[in-house]
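A quick write-up on the structure given underneath.
The values are calculated or read from the model by the stated rules, or taken from the named source; none is laboratory data. Not measured: the values here are computed from a predicted model. Heads up, the Cβs are rebuilt from the backbone with ideal geometry, glycines too, and the neighbour counts pull from every protein chain shown. Surface areas here come from the heavy atoms of the whole protein model, side chains and all, with no ligands, DNA or RNA. Shrake-Rupley method; radii C 1.70, N 1.55, O 1.52, S 1.80 Å.
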Amino acid sequence: MATQDLRMGAAAPRVALLYNPRFRSIITQVVVALALIALIAWFVDNTITNLRRANIASGFGFLYSRAGFDISFSLIPYTNDSTYLRAIAVGTLNTILVAVMGIVTATIIGFIVGVGRLSRNWLIRAISTVYVETFRNIPPLLVIFFWYFGVISALPTVRDSIALPFGSFLNSRGFFFPKVIWGEGAWLIPVAFIVAIALVLFVRSRAKARQEATGQRFPVVWTSIALLIGLPLLAFFVSGMPATLDFPKKSVFNLTGGMTLAPELLSLYLALSFYTASFIAEIVRAGIRGVSKGQTEAAYALGLRPRSALNLVVVPQAMRIAIPPLASQYLNLTKNSSLAIAIGFPDLVAIGGTTLNQTGQSVEVVVLWLVIYLAISLVTSAFMNWFNARVALVER
Amino acid sequence: MQEHDLSYVRVEMVNAQAAPASERGAGHWLRTNLFATPLDSVLTLIALLIVSYYLPSVINWMLINAQWTGTDRTFCATTAQGGGIQPEGWSGACWAFVGAKFQQFMFGRYPVDERWRVYLVAVLFVALLTPLLIPRVPKKTLNAILFFVAFPIVAYFLLLGGHFGLRYVETALWGGLMVTLVLSFVGMVVSLPLGVILALGRRSKMPVVKLLSVIFIETIRGVPLITVLFMASVMLPLFLPPGTSFDKFLRALVGFSLFASAYMAEVIRGGLQAIPKGQGEGADSLGLSYWQKMGLIVMPQALKLVIPGIVNTFIGLFKDTSLVYIIGMFDLLGIVRQNFSDASWASPQTPMTGLIFAGLVFWVFCFGMSRYSMFMERRLDTGYRR
């Protein structure tokens, strides 16, 4: 009989090995892997030959030798006698500093502008739209140049510094502000702050438990604010006010004393904040518009006041939409901070570049860049994922 | 008692009345849009104050006080700054600087008598791109092949020269807007096919292929473009056999294209995920091979879905071209920046003027692209409405 045997459990039809999907898949993968290994081997071989010709020893040993260059801005003690390792650490910390400052400011500006774009007020809406459309459509590097060459270097010279409140000054050499010098017993203040945070968490959980049990509410927000400000303040007075302010003083050619935000740091920080804020504004707007109107109406129907409706119904749902793109904007800001090199702020890329030029250890420096940036990205996205999971929709 | 007939039927229609005075005209618009609530009024007043304080000075600086003509820095500097004609305390845009440097901002140091080649490429570019962007124009496939395959080859021979009796113009002479456009165009043309391959690789069932794609995409996306450019400019020469010399511009192109591919791959992957599984299974049941399935069934649908995403990625890439300045090439922003230190034009007004000019050019390109992407989004959206 010429009929085919279609019973279950019949032996699989015999096909040529060439047409067997599993076999083909394995062959493809082996070929791809071999090709890649061959390419890498060729690269490595060439690199070794090239390095030998240039008399460069490979390996990370160079990190422990003397760097010999100066760094204009550093959070940890650094001299030109320090090692390359320390220089890289300075650069990493500077990158993180700019990123954190930028993220905080960009989020604040972005929220204000994003809400402004949804305002009923025509003027506010128009200003916000102009802001977003301007900054979204020009390169971040141009914004940095704008602040650096256009604004800050056009500020008055030291002699005619603009005096600002709290004894601070603004001039073309940067922003000068009083420095706090902590005396003995100052450690009590951060301790008090930590205690305050712990108390706030405790009060919050107790208040929630009480509301769920009895329906009575407790003014958590005001208590928290009072605790967070009050306890450190109390510690400050108890320990005998161990802080003095060192004001910047004008002399003929320069301002002495106090603390300075150098023009490079200031322009980078302002540029990144303003640039990223325009993207965050759009994310916030999309988030709020993404919550359907029925949600607000249902909240009103339940008798919630407009403010509670906003806080308890709209914002939690808007956050859910906004957080994943917000996380990628934070990562973009961190990566854009590498543009610091264009105006000479010593961030990770700038210091790595100097190291690379001095030592010729290009492979090692590039590996360091990759590892550090990937680590920063991973930590940021891990944090945002955790935050996202907290606000995510819990479905039953 | 008298009976009243209370029924009443109107015979004539009442004439249409104008809206009440409070509901129309400028007064109504002002009330609803600017002074709806006390808080709104306060906000409006504050915003008005800020605008009326800054806007006149901006207009003054850009147009009224601006210096439009001139041959060197003395036209844009006050006497105290070593200039001639401007009064003390003058501040205005120095458009004369942009006018004098305009050719350089567009072409860099490209030889003057060879610039017709750049113009020709620009004309070809516009002539091929315009019909591609207008959805109604037919023959999209031919157009796309001409634009993405034939045009780059023609442009390569025209711009670089060295063949067919054209003078060789080394890339070190290229600069200005021309470099910005060449970089972003090459970035796009290379990143689309590479992005498709990487996206397919990332969704592949073969673990080795998938792993390699993921490593490539995530590594490139995890680091800033500058490090990728540094890698391309420092490591590429190391990777190749000793003695291979490698054009600096080409190195930047390689770095930039790889960077663009990683981002493009993620956009395309988004499109692939949106295509229902049944489409692929349908193709399998028809007996199509993997490449037929992807090329004829899945990719056309996926790519169409992500056109707005592709345009948005492209806007980002266009802005990112300005970073090649850092590895020593002069795109539009780079050449503007370089001219700040030109001694014959250096004045306090020059940097701001140059930056505003560069900003305007970038803005026009990016804004145009984003509007186009919105237009496509609306157009493609209607296809799914029944």
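Looking only at region A:342-357, residues that are exposed (fewer than 15 other Cβ atoms within 10 Å of the Cβ) and within 13 Å of A:Ile88 (Cβ to Cβ) come to 0 in all.
The rows are residues; the columns are (1) surrounded by 16 or more Cβ atoms within 10 Å (Cβ to Cβ); (2) of a type in the set (A, V, I, L, M, F, W, C); (3) under 30 Å from the mean Cα position of the chain (by Cα).
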residue	(1), (2), (3)
A:Pro190	no, no, yes
A:Ile194	no, yes, yes
A:Pro219	no, no, no
A:Ala235	yes, yes, no
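Here the helices (runs of 4 or more DSSP H) wholly within region B:32-151 that include at least 3 residues being farther than 26 Å from B:Arg371 by Cα and among the small types (Gly, Ala, Ser) are B:38-59, B:95-107. Note on region A:289-309: residues that are crowded, with 16+ Cβ neighbours inside 10 Å and either outside any helix (DSSP H, G or I) or free of Cβ contacts under 8 Å to residues at least 12 places away in the same chain (or both) total 2.
Is it the case, given these coordinates, that A:Leu142 is more than 18 Å from B:Val42 (Cβ to Cβ) and either at the interface with another protein chain (Cβ under 7 Å from one of its Cβ atoms) or under 21 Å from the mean Cα position of the chain (by Cα) (or both)? Yes; evaluated as a whole, the condition is true for this residue. Being open to solvent by less than 20 Å² (accessible area, probe 1.4 Å), within 12 Å of chain B (Cβ to nearest Cβ) and in a helix (DSSP H, G or I) is the filter here, so list the residues in region A:101-132 that pass it. A:Gly116, A:Ser128, A:Val132, listed by residue number. Applying a threshold of 6 Å to beta carbon distances and a minimum spacing of six or more residues, or different chains, the list of pairs starting in region B:204-233 at a residue that is touching a residue at least 40 places away in the same chain (Cβ under 8 Å) and more than 7 Å from chain A (Cβ to nearest Cβ) and ending at one that is aromatic (Phe, Trp, Tyr) and in a helix (DSSP H, G or I) reads B:Ile220/B:Phe259; B:Leu225/B:Phe259.
When restricted to residues that are among the aliphatic types (A, V, I, L, M), out of contact with any helix residue (DSSP H, G or I) (no Cβ under 8 Å at 6 or more places or on another chain) and open to solvent by 50 Å² or more (accessible area, probe 1.4 Å), region A:140-187 contains 5. Open to solvent by 60 Å² or more (accessible area, probe 1.4 Å), more than 14 Å from chain B (Cβ to nearest Cβ), charged (D, E, K, R) and over 29 Å from A:Ile48 (Cα atoms), is that true of A:Arg320? Criteria met by A:Arg320. For B:Cys94, the conditions (1) within 20 Å of B:Leu250 (Cα to Cα); (2) touching a strand residue (DSSP E or B) at 6+ places or on another chain (Cβ under 6 Å) are fulfilled apart from (1). The condition of being surrounded by 18 or more Cβ atoms within 10 Å (Cβ to Cβ) and over 30 Å from B:Met329 (Cα atoms) holds for only one of B:Lys277, B:Lys293, that being B:Lys293. For A:Ala382, indicate whether it is outside any loop (DSSP other than H, G, I, E, B), more than 10 Å from every other protein chain (Cβ to nearest Cβ), without any contact (Cβ under 8 Å) to a residue 12 or more places away in the chain and open to solvent by less than 60 Å² (accessible area, probe 1.4 Å). Yes. In the condition set (1) surrounded by fewer than 16 Cβ atoms within 10 Å (Cβ to Cβ); (2) more than 30 Å from A:Phe145 (Cα to Cα); (3) of a type in the set (A, V, I, L, M, F, W, C), A:Leu228 is compliant with all but (1). Among residues of region B:309-364 being closer than 21 Å to B:Arg251 by Cβ and in a loop (DSSP other than H, G, I, E, B), the one that is most open to solvent (accessible area, probe 1.4 Å) is B:Phe330. Filtering region B:126-136 to residues that are within 19 Å of B:Val149 (Cα to Cα) and touching a residue at least 40 places away in the same chain (Cβ under 8 Å) leaves only B:Leu133. Do you know which residues across region B:352-374 are among the aromatic types (Phe, Trp, Tyr) and under 15 Å from the mean Cα position of the chain (by Cα)? The answer is B:Phe362, B:Trp363, B:Phe365, B:Phe367, B:Tyr372. All of B:Val154, B:Val186, B:Val182 fail the test of being in a helix (DSSP H, G or I), more than 14 Å from every other protein chain (Cβ to nearest Cβ), open to solvent by 50 Å² or more (accessible area, probe 1.4 Å) and of a type outside the set (Asp, Glu), apart from B:Val154. Only a single criterion out of (1) under 26 Å from A:Leu245 (Cβ atoms); (2) away from every other protein chain (no Cβ under 14 Å); (3) of a type in the set (Gly, Ala, Ser) is not satisfied by A:Ser205, namely (1). Are any of the residues in region B:371-380 open to solvent by less than 20 Å² (accessible area, probe 1.4 Å) and at the interface with chain A (Cβ under 9 Å from one of its Cβ atoms)? Among the residues of region B:371-380, not one is open to solvent by less than 20 Å² (accessible area, probe 1.4 Å) and at the interface with chain A (Cβ under 9 Å from one of its Cβ atoms), which makes the answer no. Could we say that A:Asn121 is without any contact (Cβ under 8 Å) to a residue 60 or more places away in the chain and in contact with a Cys (Cβ under 9 Å, 6 or more places away or on another chain) here? Here the answer is no, as A:Asn121 does not meet what is asked.
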